[in-house]
Amino acid sequence: MGYKKILIAVDNSICSEKAAKIGYDTAKNYDAEVALLNIVEPAPAATTPDFTLAPVFLEVYDNSEENSHVLLKEIENKYGKGIKTTYFSVLDTASHGILQQAEDWGADLIVMGTHGRGGLYRFLVGSVAVHVARKSACPVLIVPTKAEV
């Protein structure tokens, strides 16, 4: 089985940088194209007394989207080496955004890192990587924080 479309989910962390390297290496091996995805998680809605969104929320989103594009470009420059790359910055929750974008783009493989949190934190918040792996229609390659790349 070959992969033609590899979605790499990244954030600004060491584990996602490792995932990006492995994702691009995999794309090179399969002559696949890559989509880099960064999820911009919505900030809690701040409202004015008349229940409209506060302008500060919109400004925070604009800055997050701009930072997201900068992050994606940096990752492509570091690991892309001529591989066709598409960028996606999506305002959504992490697991839903990854699953939805993989489906919309037609990904054959999702590559993502895991922070490796456990215990009470994982119980209360859950693991994005585990949720994506359970719900995804395509294979998911989870790169652990401790991976040597």
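The values are calculated or read from the model by the stated rules, or taken from the named source; none is laboratory data. These numbers were taken from a predicted model, which means no experiment stands behind them. With ideal geometry, Cβ positions are generated from the backbone for all residues, glycine too; neighbour counts draw on all protein chains shown. Surface accessibility is based on the protein's heavy atoms, side chains included, excluding ligands, DNA and RNA. Shrake-Rupley method; radii C 1.70, N 1.55, O 1.52, S 1.80 Å.
All of Val132, Val90, Val111 fail the test of being modelled with pLDDT of 85 or more, closer than 13 Å to Ile39 by Cβ and outside any helix (DSSP H, G or I), apart from Val90. Is it true that some residue in region 14-24 is modelled with pLDDT of 90 or more, surrounded by 15 or more Cβ atoms within 10 Å (Cβ to Cβ) and farther than 18 Å from Ile142 by Cβ? No, region 14-24 contains no residue that is modelled with pLDDT of 90 or more, surrounded by 15 or more Cβ atoms within 10 Å (Cβ to Cβ) and farther than 18 Å from Ile142 by Cβ. Checked against (1) under 19 Å from His131 (Cα atoms); (2) open to solvent by less than 30 Å² (accessible area, probe 1.4 Å); (3) modelled with pLDDT under 95, Ser68 passes all but a single condition, namely (1). Out of Ala35, Ala54, Ala43, I need the residue that is in contact with a Lys or Arg (Cβ under 8 Å, 6 or more places away or on another chain) and either open to solvent by less than 70 Å² (accessible area, probe 1.4 Å) or at pLDDT 80 or above (or both). Which one? Being in contact with a Lys or Arg (Cβ under 8 Å, 6 or more places away or on another chain) and either open to solvent by less than 70 Å² (accessible area, probe 1.4 Å) or at pLDDT 80 or above (or both) holds for just one of Ala35, Ala54, Ala43, which is Ala35.
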